[in-house]
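Peer 1: Mind having a look at this structure? Questions to follow.
The values are calculated or read from the model by the stated rules, or taken from the named source; none is laboratory data. This one's a predicted model, so the numbers in the text were calculated from it and none came from an experiment. Positions of Cβ are generated from backbone atoms using ideal geometry, with glycine treated the same way; all protein chains shown enter the neighbour counts.
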Amino acid sequence: MSLRPLDLIVILLYFVVIGTIGFLASRGQNTTAKFFTAERSLPGWVVAFTLMGAIIGTGTFIGHPGAAYQKGLFLFLPQFVLPVVFVLVAKYVVPFYRRVIRMSAYEYIGLRFGLGGRLYTSFGFLVDRIFDIGVTLVTAALAVNVLTGWELKAVILGVALFTAAYTLLGGIKAVVWTDVAQGTILILGGLLVLLRLLFAPEAGAPFAVVGEAWRGGRFTFGSWDFSWASLFDTQVTTVWLFTAAMAVQFARRYATDQHMVQRYLIARSDAEASRATFVGAMICLPVFSLFMLIGTCLYGFFALTRAPVPEIADSVMPYFMGHYLPAGVLGLVMAGVLAAAMSTVSSDLNSVSTVATTDYVSVFLPRLSNRARLLFGRLMVLAGGLLSGWAAIMLIPGRETAPISERVLTIGAILSGGKLGLFALGFGTRSATRRGCYIGIACCVVFTAWAILTEPTSRLLDLGWNFEMNPILIGVFGHFVLFGTGWLASRLCGGYRPENVVDLTFWSPRTRDPR
């Protein structure tokens, strides 16, 4: 199918608005402090919006409806771990980072454990972000492909390069102010789709799709089995396992990942940063719920109308948009899809650039001028866009693959490399040493490699003693392996600790009292 002229006009207008915001934000971007942290000058309400933009992407706009359509609300309850995580992050982590670091979260690991720990965590972040941007790009491209028939790879590269262009020009200011516009469009687009489903005349009476989804089991939360055997079930991932995985994922992402920490740094004050962190999380909960409800209603709609549906669950949302939304509304909702993608991609590209510049160039070339570092940072935005496009092409789903949202949770947990455990080791204990940190990292790498190679769903090696549990637990256990072995090695083997170790932990009075 092809878009109607009115839809194309709406989408073109969206691109013009976003491009204009990016261009206006580019004024005065002549230092790395302005480009990466806006010199800590932005109001809290804007920070809350950009936090939501970093969390909500096309994985939510396309992936959540696809997952709920196929399997029900198995991702619904685990999302409610998010506000608990953010309460702790807002109270303790945000003021700590604003006191200890300048631009990069991994500066902290360098202060606490030395260059090796800093390079390990920063490199892990770069790999994880490139993967995550790839997920965002491929889900956006699936929607555009279904709506227009445009080739997936061309859409992926087009969105990646356009987003890289305005991020390259405007830096974090462009990211933040476009997030405000994109977040508004995203939510409005989701509400329009839901209203169309609830009052669909093709499905009968208003709200008939909800009743049909209930009868079809799409309002169930998945398996509640809480037993030892459920840990080894590779076919059914229980609510408890999803909740554990997402709790670790949320804690790791919002307490340690640069694309979130960078947002804590751009606010005008500690109080505004902490408040924006919590508000941003609370905005996300109804947005998550909105798109999962859309997925259940999509099941009810197609069950009642018996209309043909695409073979890939992640294509159901864009298929409905293309066939059942009126002209103009379709253009606005498609702009919402693009907004969801570009708000995530822009923030991630900026954070990738920050890490590459701060944790590598500034460390190994400390005498490089600020102008040269800024040029390198801009080039890294472009390089990150191209690498992410390649990752997205590798993630294009087939007919038999699991929903993207489910695959992302497993792969993302593994890619984290025990990073939450490493930050907890440094932030939560005064006894941890540099030697213990490196031993913990080595143990985590060995454990993760062994588990990935011997896990039961796609076993590459049979060593006799294999990882037999659900693969989603690999990433969860990795953090505990790093923390436990790092702490034990520190106690047994000793090693270097910085003289101001108390100021680099939770136990610092200034950390516990952000005033």
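Peer 1: Among the residues of segment 461-515, which ones are of a type in the set (V, I, T) and either under 16 Å from G428 (Cβ atoms) or modelled with pLDDT of 90 or more (or both)?
Peer 2: Of everything in segment 461-515, those that are of a type in the set (V, I, T) and either under 16 Å from G428 (Cβ atoms) or modelled with pLDDT of 90 or more (or both) turn out to be V481, T485, V501, V502, T505, T511.
Peer 1: Among the candidates R378, R434, R430, R373, which residue alone is surrounded by fewer than 17 Cβ atoms within 10 Å (Cβ to Cβ) and modelled with pLDDT of 75 or more? Please lay out each step first, then the result.
Peer 2: Numbers: R378 fails: surrounded by fewer than 17 Cβ atoms within 10 Å (Cβ to Cβ); R434 fails: surrounded by fewer than 17 Cβ atoms within 10 Å (Cβ to Cβ); R373 fails: surrounded by fewer than 17 Cβ atoms within 10 Å (Cβ to Cβ).
Among R378, R434, R430, R373, only R430 is surrounded by fewer than 17 Cβ atoms within 10 Å (Cβ to Cβ) and modelled with pLDDT of 75 or more.
Peer 1: Are any of the residues in segment 298-308 within 26 Å of Q70 (Cβ to Cβ), surrounded by fewer than 24 Cβ atoms within 10 Å (Cβ to Cβ), at pLDDT 85 or above and within 25 Å of the chain's Cα centre (by Cα)?
Peer 2: Scanning segment 298-308, I find no residue that is within 26 Å of Q70 (Cβ to Cβ), surrounded by fewer than 24 Cβ atoms within 10 Å (Cβ to Cβ), at pLDDT 85 or above and within 25 Å of the chain's Cα centre (by Cα), so the answer is no.
Residue-wise test of (1) at pLDDT 85 or above; (2) assigned to a helix (DSSP H, G or I); (3) among the charged types (D, E, K, R).
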site	(1), (2), (3)
I11	yes, yes, no
L24	no, yes, no
Q29	no, no, no
H64	yes, yes, no
P78	no, yes, no
L111	yes, yes, no
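Peer 1: Would you check which residues across segment 149-185 are of a type in the set (F, W, Y) and modelled with pLDDT under 85 and list them? Break it down into steps so the answer makes sense when it comes.
Peer 2: If we filter segment 149-185 for residues that are of a type in the set (F, W, Y), which is where we start, we get 150, 162, 166, 177.
Within segment 149-185, just W150 meets the criteria.
Peer 1: Tell me the residue from P326, P366, P286, P310 that is in a loop (DSSP other than H, G, I, E, B), within 30 Å of R215 (Cα to Cα), without any contact (Cβ under 8 Å) to a residue 40 or more places away in the chain and not hydrophobic (A, V, I, L, M, F, W, C), please.
Peer 2: Working: P366 fails: within 30 Å of R215 (Cα to Cα); P286 fails: in a loop (DSSP other than H, G, I, E, B); P310 fails: without any contact (Cβ under 8 Å) to a residue 40 or more places away in the chain.
The unique qualifying residue is P326.
Peer 1: Next question, about the same structure. Out of everything in segment 194-228 that is of a type in the set (D, E, K, R) and buried (at least 16 other Cβ atoms within 10 Å of the Cβ), what residue ends up being modelled with the lowest pLDDT? So that I can check it myself, show each step before the final result.
Peer 2: Restricting attention to segment 194-228, the residues satisfying the condition of being of a type in the set (D, E, K, R) are 196, 202, 212, 215, 218, 225.
Right, trim to buried (at least 16 other Cβ atoms within 10 Å of the Cβ) and you get 196, 212, 218.
Details: R196: 94, E212: 94, R218: 91.
Top of the filtered list is R218.
Peer 1: Scan segment 174-198 residue by residue and report those that are more than 30 Å from A25 (Cα to Cα) and in contact with a Phe, Trp or Tyr (Cβ under 8 Å, 6 or more places away or on another chain).
Peer 2: Across segment 174-198, the qualifying residues are V193, R196, L197, L198.
Peer 1: Quick one: would you say G72 is of a type in the set (G, A, S) and under 24 Å from M342 (Cβ atoms)?
Peer 2: On the way: of a type in the set (G, A, S): yes; under 24 Å from M342 (Cβ atoms): no.
So G72 fails the test.
Peer 1: Looking at L77, L42 in this structure, which one is hydrophobic (A, V, I, L, M, F, W, C), within 23 Å of the chain's Cα centre (by Cα) and surrounded by 23 or more Cβ atoms within 10 Å (Cβ to Cβ)? Please lay out each step first, then the result.
Peer 2: Details: L77 fails: surrounded by 23 or more Cβ atoms within 10 Å (Cβ to Cβ).
None of the others qualify; the one that does is L42.
Peer 1: Output the number of the condition that P95 fails; it satisfies all remaining conditions of (1) part of a helix (DSSP H, G or I); (2) under 17 Å from the mean Cα position of the chain (by Cα).
Peer 2: It is condition (2) that P95 fails.
Peer 1: Right, here's the next one. Looking only at segment 461-504, filter to residues that are among the aliphatic types (A, V, I, L, M) and in contact with a Phe, Trp or Tyr (Cβ under 8 Å, 6 or more places away or on another chain); which one of those is surrounded by the most Cβ atoms within 10 Å (Cβ to Cβ)? Spell out the reasoning first.
Peer 2: Here is the first cut: in segment 461-504, the residues among the aliphatic types (A, V, I, L, M) are 461, 463, 469, 472-474, 476, 481-482, 488-489, 492, 501-502, 504.
Those still in the list that are in contact with a Phe, Trp or Tyr (Cβ under 8 Å, 6 or more places away or on another chain) too: 463, 469, 472, 474, 481, 504.
Details: L463: 10, M469: 19, I472: 23, I474: 21, V481: 20, L504: 21.
Checked segment 461-504; the qualifying residue surrounded by the most Cβ atoms within 10 Å (Cβ to Cβ) is I472.
Peer 1: Just to be sure, is M52 surrounded by 21 or more Cβ atoms within 10 Å (Cβ to Cβ), of a type outside the set (V, I, T), under 24 Å from T354 (Cβ atoms) and more than 18 Å from the chain's Cα centre (by Cα)?
Peer 2: no
Peer 1: Picking from A205, A154, which residue would you name as being over 25 Å from I441 (Cβ atoms), outside any helix (DSSP H, G or I) and of a type outside the set (S, T, N, Q)? So that I can check it myself, show each step before the final result.
Peer 2: Values: A154 fails: outside any helix (DSSP H, G or I).
None of the others qualify; the one that does is A205.
Peer 1: Given the structure, is S274 under 25 Å from the mean Cα position of the chain (by Cα) and within 29 Å of L197 (Cα to Cα)?
Peer 2: On the way: under 25 Å from the mean Cα position of the chain (by Cα): yes; within 29 Å of L197 (Cα to Cα): no.
Spelling it out, it is not the case that S274 is under 25 Å from the mean Cα position of the chain (by Cα) and within 29 Å of L197 (Cα to Cα).
Peer 1: For the condition more than 26 Å from I156 (Cα to Cα) and polar (S, T, N, Q), what is the one hit in Q70, Q29? I'd like the intermediate steps shown before the answer.
Peer 2: Details: Q70 fails: more than 26 Å from I156 (Cα to Cα).
Exactly one of Q70, Q29 is more than 26 Å from I156 (Cα to Cα) and polar (S, T, N, Q), namely Q29.
Peer 1: Ok, one more. Would you please list the contacts, defined by Cβ atoms under 8 Å and residues six or more apart or on different chains, that run from a residue in segment 259-278 that is of a type in the set (D, E, K, R) to a residue that is outside any helix (DSSP H, G or I) and surrounded by 19 or more Cβ atoms within 10 Å (Cβ to Cβ)?
Peer 2: Final answer for the pair search is R268/L42.
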